[in-house]
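Okay, so here's the structure we're looking at.
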Amino acid sequence: MRIALPKGRIADEVLGIFKRIFDEDFKFENRKLILKKAGFTFLNVRNWDVATYVERQAADIGVVGLDVITELRSDVLELLDLGLGKCRISVGGIKGDDGYKKKSEIVVATKLQNITKEYFSKKGIPTQIIKLNGSIELAPLVGLSDVIVDIVETGNTLKENGLEEKEVIMHSSARLIANKNSFLLKKPQILELVDRIREVNGA
Ligand code: PRP
C-alpha cells in the first residue's frame, strides 16, 4: 500500500503513529522521497500535491488538510479526521478597520482562490481576487488588497502585522484520504489500518 505524506511536521506525526502501531522506527532517510517498511511505501510529497497523488492513484491513501482538498475540489474519499494540523481559514484585515464591509467590491488577496470565491459569492458580495503564493499578510498593509483570506493557526502572524481575524470561513485539520479505486480494491487492508490509526491516535 502506498501512502502519500505531506513533508514536514504532519509527516513526522503520522510516522510517529505508525511507530506506535508497529513498534518500529519509520523515518525518511536524508533526502530520500520514498520509505519502504512493514509492507507500506511512504511517499514524501509537498502538502499541496498529496491530493493529486491520491486522486491519480499514484498513492492509495494520503494525509492532507481539509483546506487543501476543499480548495482543490479533490475527488477522493475522506476516511478519518486525524485531528492534527488544526487551523482555520479566515478573512483577515487591518485591526480596527472594518471599512471593507461597506465597499461595493472587496479586493481580496489569497492563495485559496476557490474557497474565497465560494465564500463571498454565497454572501452575494462582489470581489476581486488577487492570487498570491505566500506572505499574504503583506497585501493589506501596502494597499494591494482590502483584506486577505488565509490560514490562521495561532494568530501570531496576523497579530504581529497589525491585522486581525474578521470572519472565520472554515475549520481545517489533517484528514486521511483514499483513492476511490484503491478503496474498492484494498478495502479490508485500508479499513484495518484506519482502525489501528484510530486506536493509537484516539481519533
Ligand atoms: C501560514 C499562513 C499564515 C501563517 C499562520 O503561512 O499562510 O501566514 O502560516 O500561522 P499563525 O496563525 O500560527 O501565525 P506559511 O508558514 O505556510 O507561509 P506562507 O503563507 O508565507 O507560505
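The values are calculated or read from the model by the stated rules, or taken from the named source; none is laboratory data. No experiment lies behind these values; they were computed from the predicted model shown. Methodologically, a virtual Cβ is constructed for each residue, glycine included, from the backbone with ideal geometry; neighbour enumeration extends over all protein chains shown.
Below is a table of values for the structure above.
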{"item": "Some residue of the stretch 173-193 being within 13 Å of the ligand (Cβ to nearest atom), modelled with pLDDT of 95 or more and exposed (fewer than 14 other Cβ atoms within 10 Å of the Cβ)", "result": "no"}
{"item": "Matching entry among 49, 60 (being of a type in the set (D, E, K, R) and closer than 21 Å to residue 198 by Cα)", "result": "60"}
{"item": "Residue among 135, 121 that is of a type outside the set (Lys, Arg), farther than 26 Å from residue 63 by Cβ and not assigned by TED's automatic domain parsing to the domain that holds residue 20", "result": "121"}
{"item": "Odd one out for residue 140 among (1) outside any helix (DSSP H, G or I); (2) more than 24 Å from residue 66 (Cβ to Cβ); (3) within 14 Å of the ligand (Cβ to nearest atom)", "result": "(1)"}
{"item": "Any hit, the stretch 90-110, residues being surrounded by fewer than 16 Cβ atoms within 10 Å (Cβ to Cβ) and touching a helix residue (DSSP H, G or I) at 6+ places or on another chain (Cβ under 6 Å)", "result": "no"}
{"item": "Condition met for residue 123 (more than 12 Å from the ligand (Cβ to nearest atom), over 21 Å from residue 101 (Cβ atoms) and basic (Lys, Arg))", "result": "no"}
{"item": "Of all residues making up the stretch 147-169, the number that are within 17 Å of the chain's Cα centre (by Cα), β-branched (Val, Ile, Thr) and part of a strand (DSSP E or B)", "result": "5"}
{"item": "Condition met for residue 112 (within 14 Å of the chain's Cα centre (by Cα) and over 18 Å from residue 149 (Cα atoms))", "result": "no"}
{"item": "Selection from the stretch 101-142 of residues that are farther than 17 Å from residue 167 by Cβ and β-branched (Val, Ile, Thr)", "result": "130, 142"}
{"item": "Subset tally (residues that are in a helix (DSSP H, G or I) and exposed (fewer than 14 other Cβ atoms within 10 Å of the Cβ)) for the stretch 1-11", "result": "1"}
{"item": "Scan of the stretch 24-63 for residues that are within 17 Å of residue 8 (Cα to Cα) and part of a loop (DSSP other than H, G, I, E, B), ordered by number", "result": "25, 26, 27, 28, 29, 30, 31, 32, 33, 46"}
{"item": "Close pairs (9 angstrom Cβ cut-off, 6 or more residues apart or separate chains): assigned by TED's automatic domain parsing to the domain that holds residue 94 and closer than 14 Å to residue 134 by Cα in the stretch 149-162, near the ligand (Cβ under 8 Å from one of its atoms) and small (Gly, Ala, Ser) anywhere", "result": "none"}
